[in-house]
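The values are calculated or read from the model by the stated rules, or taken from the named source; none is laboratory data. Please read these numbers as outputs of a predicted model, since none were measured by experiment. Note: ideal-geometry Cβ built from the backbone for every residue, glycine included; neighbour counts use all protein chains shown. Ligands, DNA and RNA are excluded from the accessible area calculation, which covers all protein heavy atoms including side chains. Shrake-Rupley method; radii C 1.70, N 1.55, O 1.52, S 1.80 Å.
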Amino acid sequence: MSNPKSKIQNLKSKIQNLKSKICCLWLALLCCVGLLRAPAPSLGQATVPPPDVASYTIVATYDPQTHMLTGQQTAMYHNHTTVPIPTLVFHLYLNAFRSAETLWLRESDLRLRGYSFDPNAPGWIRIDQIALADGTALTVKPLDDDETLVEVALPQPVAPGASVSVDIAFTAQFPKAFARTGWADGGDFIFGGQWFPKFGVWEEDERHGGAWNAYPFHANSEFYADFGRYDVALTLPQGWVVAATGTAAPTAKANADGTVTHTFSAEHVIDFAWTASPKYREMTRKVEGVDVRVVYYPRQRAMARRALQATAGALPLYHAWFGAYGKSLYPHLTVVIVPPDAGGAGGMEYPTLFTVGALGGMMPACVRMIEVEAVHELGHQWFQSVVATNEAEEPWLDESFTDYATIRAMNALYDGAIVECLGWNFSYLAMHRLQYIMYPDTPMAGAAWDFDSLQYGIATYSKPALALTTVERTVGEAAMQRFLSTYFDRYAFAHPRAEDVRAVMEETLGAEVTTWFFEQLVRGNATLDIRVVTLDEQATLEREGDLCIPTTVRVTRSGRQAPETLAWPCDTPTLTIDGAPRLVEIDPAGAIVLDRDLANNQLRRAPDPAAGAGLAVRWLRFWQDFLWGGAVW
């Protein structure tokens, strides 16, 4: 087997010129515009293509027998702030799975999405050596009990506009797959997610100066990372098919010891994930200029076809609604169908790659869980992989836009139905409503660890998706399109916060919508039940709850008159309608999907019993005369 150090030197030389050019470009820009000591730009100001901030060159070998990976890594961090960086902070995510006593496993009760931790197959990661590029040894200090977060002190701070490069030797033991990453199928399947020492995000704060935005790994929390370039060489046994994050075509080189080294490059990405198996098959299709590749097990061919069809259907929709996939910088997209016993690795997004199979695969065609999973994870290619919000501190930001897009795409592709069996139709929107009405007063704002698992699902997925759907149906598709495209275009390859979303919403949709969305739904616990209370000679309508969204009421007074539409503004909590209406319908267009109870939104006046009796007598007289020969003509 070839020497890993020689491999890494070869790969490092390939990107050395690129590093130099980027550093020179940054220094030139800083000098030209005088930014060396100016206030830091907003984290949400996008540049396309983005400058490299956190970049990695990794050479690693994976042993399927032991499920262990040994790696050599050169990690470079560029200080794009005006504050010197005194230390480096790395995530060591795999240490969350080293025993049942870790914070992650205690919080999750040893399971995730129905898949359980196997204490006999734990996972961990260890930094064996770390040094600066000049050979200066560095020391690693744990920042939490589980060592999912570590700090490395630097001899000299990294000045604004400068970069630091460190060489790391590390060993990673993969767990049996149950929470996104790990091995399955007796070792014939591996998914590598969050598998290497990974930088936190250095941020500048007006009050506190600079600090690393990084937290110990919590069960509900996902990820936050800077954009950069990845050059990765993975060595595995011959005959294994490998798929990974990438923006260039991969290469493979056979080695004398019966292994193959697969080399991948990815630019302008926030992460790198990979998967391998000797059983993988693949199918491909070109969609909107993107090369889509699906890898799957032989018995999953039908599932792979369904996932590919859903992906091919949703990709043009997202392109039209938000903007080009990867802002046209990502030519490839990989869909991984995980094997049946690796469902814990399914349903997860990474740049240019996502996984399907968290909900299983043996489903009839009328149950579209495969499709909705593919459509949802594809949406993350826009909201998280490109618009890279902080999933730890503000998890609702990426999931809100992704699940809202999923609802729209399912409506467009499948008439909304995730179940359409034997005449029964159940939509993705209805599924979210079922979850939302359990705790509708749950605010959307909050860090991932502020919620239990049920509240996390409501605050992060269901309520935001319903809230954005309500916004769209309130302002109209054209205005919503303006909001969505502006947000994506402005914050692609950036780290927007909730206040950035608010600014774009107010700019494109106005203050009224923005206020009730953010004050009452994002930060508040307001709920709403609009209902018809009584209907006789008058109709009485009431709003219950602090949430108020202006709506309309459709009133039908008789079959001969056209229905009348009335406005119901927020300053009128109770509305009285005169004129003996026969039918009253609140929100007839079904815009306010946040309404706690949709069943009480309309009421029809019962017919007059006396009038009904008179009609019955006349019909009786008619049949008597007809049957007994009366003169009815």
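Does PHE97 satisfy the criteria of being in contact with a Leu (Cβ under 6 Å, 6 or more places away or on another chain), open to solvent by less than 30 Å² (accessible area, probe 1.4 Å) and over 30 Å from THR47 (Cβ atoms)? Taking the combined requirement at face value, the residue does not satisfy it. Total residues in region 474-485 satisfying the condition of being surrounded by fewer than 17 Cβ atoms within 10 Å (Cβ to Cβ) and assigned to a helix (DSSP H, G or I): the figure is 6. Per the listing SER485, SER453, the residue uniquely at pLDDT below 95, more than 13 Å from ASP398 (Cα to Cα) and polar (S, T, N, Q) is SER453.
So is ALA121 in a loop (DSSP other than H, G, I, E, B) and among the aliphatic types (A, V, I, L, M) or not? If you could, list the steps in order and put the result at the bottom.
Working: in a loop (DSSP other than H, G, I, E, B): yes; among the aliphatic types (A, V, I, L, M): yes.
Here the answer is yes, as ALA121 does meet what is asked.
Scanning region 380-399 for residues that are open to solvent by 20 Å² or more (accessible area, probe 1.4 Å), outside the structural domain of PHE189 (by TED's automatic domain parsing) and over 15 Å from the mean Cα position of the chain (by Cα) turns up nothing.
Here is the figure for region 278-296: residues that are over 25 Å from ALA184 (Cβ atoms), surrounded by fewer than 17 Cβ atoms within 10 Å (Cβ to Cβ) and not acidic (Asp, Glu) total 3. Applying the selection to region 145-171, what residues are open to solvent by 40 Å² or more (accessible area, probe 1.4 Å) and farther than 24 Å from ARG126 by Cα? Matches in region 145-171: GLN156, PRO157, ALA159, SER163. For region 320-359, a tally of residues being among the β-branched types (Val, Ile, Thr), closer than 29 Å to MET480 by Cβ and in contact with a Phe, Trp or Tyr (Cβ under 7 Å, 6 or more places away or on another chain) returns 2.
When region 315-343 is filtered for residues that are over 30 Å from GLY186 (Cβ atoms) and part of a helix (DSSP H, G or I), the ones remaining, listed by number, are LEU315, PRO316, LEU317, TYR318, HIS319, ALA320, TRP321, TYR325, GLY326, LYS327, SER328. Just one of (1) surrounded by 19 or more Cβ atoms within 10 Å (Cβ to Cβ); (2) under 27 Å from TYR428 (Cβ atoms); (3) in the same structural domain as LEU434 (by TED's automatic domain parsing) fails for THR551. It is (3). Of the residues making up region 564-578, those that are out of contact with any Asp or Glu (no Cβ under 8 Å at 6 or more places or on another chain) and open to solvent by 50 Å² or more (accessible area, probe 1.4 Å) number 7. Looking only at region 278-305, residues that are part of a strand (DSSP E or B) and either over 16 Å from VAL241 (Cα atoms) or not polar (S, T, N, Q) (or both) come to 13 in all.
Does ALA465 meet the test of being among the small types (Gly, Ala, Ser), surrounded by fewer than 19 Cβ atoms within 10 Å (Cβ to Cβ) and out of contact with any Pro (no Cβ under 9 Å at 6 or more places or on another chain)? Against the criterion (among the small types (Gly, Ala, Ser), surrounded by fewer than 19 Cβ atoms within 10 Å (Cβ to Cβ) and out of contact with any Pro (no Cβ under 9 Å at 6 or more places or on another chain)), ALA465 does not qualify. Out of all the residues in region 386-409, is one or more part of a loop (DSSP other than H, G, I, E, B) and more than 21 Å from TYR456 (Cα to Cα)? Yes; the residues of region 386-409 include at least one that is part of a loop (DSSP other than H, G, I, E, B) and more than 21 Å from TYR456 (Cα to Cα).
When TYR404, TYR439 are screened for being of a type outside the set (Lys, Arg) and under 12 Å from the mean Cα position of the chain (by Cα), only TYR404 passes.
Only one entry of THR263, THR275 meets the criterion of being of a type in the set (Ser, Thr, Tyr), open to solvent by 30 Å² or more (accessible area, probe 1.4 Å), part of a strand (DSSP E or B) and at pLDDT 95 or above, and that entry is THR263.
Is there a residue in region 414-437 that is of a type in the set (Asp, Glu), touching a strand residue (DSSP E or B) at 6+ places or on another chain (Cβ under 9 Å) and touching a residue at least 24 places away in the same chain (Cβ under 8 Å)? Within region 414-437, one or more residues are of a type in the set (Asp, Glu), touching a strand residue (DSSP E or B) at 6+ places or on another chain (Cβ under 9 Å) and touching a residue at least 24 places away in the same chain (Cβ under 8 Å). Please enumerate the residues belonging to region 348-368 that are closer than 21 Å to PHE401 by Cα and either polar (S, T, N, Q) or at pLDDT 95 or above (or both). Residues satisfying the conditions are MET348, GLU349, TYR350, PRO351, THR352, LEU353, PHE354, THR355, VAL356, ARG368. Restricting attention to region 348-367 and to residues that are open to solvent by 10 Å² or more (accessible area, probe 1.4 Å) and touching a residue at least 60 places away in the same chain (Cβ under 8 Å), the residue that is farthest from TRP202 (Cα to Cα) turns out to be GLY361. Of all residues in region 151-182, those that are touching a Gly at 6+ places or on another chain (Cβ under 9 Å) and either among the hydrophobic types (A, V, I, L, M, F, W, C) or assigned to a strand (DSSP E or B) (or both) total 14. Taken over region 219-255, the residue count meeting the criterion of being in a loop (DSSP other than H, G, I, E, B) and within 20 Å of PHE196 (Cβ to Cβ) is 13.
Against the test of being outside the structural domain of ASP63 (by TED's automatic domain parsing) and more than 24 Å from TRP195 (Cα to Cα), the options PRO316, PRO278, PRO340 yield a single qualifying residue, PRO316.
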